[in-house]
1. Using unit Cβ charges (K, R positive; D, E negative) and no other charged atoms, how large, in debye to the nearest 20, is the dipole of segment 3-242 about its Cα centre?
2. In what order do I101, I208 fall by count of nearby beta-carbon atoms within 10 Å, going from fewest to most?
3. Run the dipole for segment 88-206 about the Cα centre, Lys and Arg Cβ at +1, Asp and Glu Cβ at -1, nothing else charged, and hand back the magnitude in debye, nearest 20.
4. Among 67-75, 80-88, how do they line up by average Cβ neighbours within 10 Å per residue, starting with the highest?
5. Using Cα pairs closer than 8 Å and at least 6 residues apart in sequence, work out the relative contact order for segment 3-242, in percent.
6. Which order do I78, I239 fall in if you start with the one that has the fewest other Cβ atoms within 10 Å?
7. Using r as the Cβ-Cβ distance of Q209 and D60, and R0 as 35 Å, what FRET efficiency do you calculate, to the nearest 0.05?
8. Could you line up R158, R222 from fewest to most neighbouring Cβ atoms inside 10 Å?
Amino acid sequence: MNDLDVLISKKLIAACAALLFAGSPLAALTETRASYSATAFALDTDEVLYVEEHTEHWSDGRLTKREVRYEDPEGRLIAEKQLHYGANPEAPSFEMEDVRIGLREGAEVDSDTVVLFSGPAVERDRRRSVDRPENAVVDAGFDAFMRENFDAVAAGERIEFDFAVPAARRFFRFELVPQGEQSHRGDRALLVSMRPASMLLRLAVDPIQLVYSLDGRLLEFRGLANVCDEEGDRYKARIVFDYPDSGLSGLAAGAAL
């Protein structure tokens, strides 16, 4: 594998993190608005890297919009993201801007095509229109994808999908690999590995580890994050999700990354 392949593989894993960081429980709400948060720690320590604040907007039981605000430990803005959901919740349009390093990226989703863009916010974005795969997943659409496939994954089935990577302006094939049960804060939980389907790309990057409650709630993310430090390098993080008690238990909430 050459240097370009390694660079692209690292970018696609980081971009894949974006779809997970919007993680929420896995079913529909009747409320018109829901909020929850997550805290990103350094992968091997308790150092807080940043905090995520998520707000979902619902209409007639359907998720229509999501807003995510990323803040440093002192409460200063790092990045903002907005997602807009159409007919297919697995492939929303989205835009994320990192205000510290001036990076803007996202996807504009149509019925047959997806325009992927990434580049400095002060310049014209580098854009590319690609055909939309049949099993396309875009950013936080991963949550809807998991909602549809959670029972199969929990039963031990491997699931493949095509994930949009704006930094590379293309889709990559990924797979979810169940790793069995483990204990999470004293409760039983399911560990799932998310990795490129390509054996070559697996040699270049570590898989993302996801911890789910047995009723489908994303509890923890471990791996390369979609947020950068002030030098422009992606954080390696352990992200812990915190949901409110009212109406958000089990499979009783939205579609998420």
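1. Its charge dipole is roughly 420 debye.
2. Fewest-to-most Cβ neighbours within 10 Å comes out as I101, I208.
3. My answer is approximately 480 debye.
4. For the peptides 67-75, 80-88, the packing ranking is 80-88, 67-75.
5. Working: 580 pairs, mean separation 49.4, N = 240.
Relative contact order here is 21 percent.
6. The order, fewest Cβ neighbours first, is I78, I239.
7. FRET efficiency, Q209 to D60: 0.50.
8. On the way: R158 12, R222 19.
Ranked by crowding around the Cβ, least crowded first: R158, R222.
Bear in mind that the values in this text are calculations on the coordinates, not laboratory data. If you're wondering where the values come from, they're calculated on a predicted model, not measured in any experiment. For neighbour counting, all protein chains shown are included, and Cβ atoms are generated from backbone atoms with ideal geometry for every residue, glycine included.
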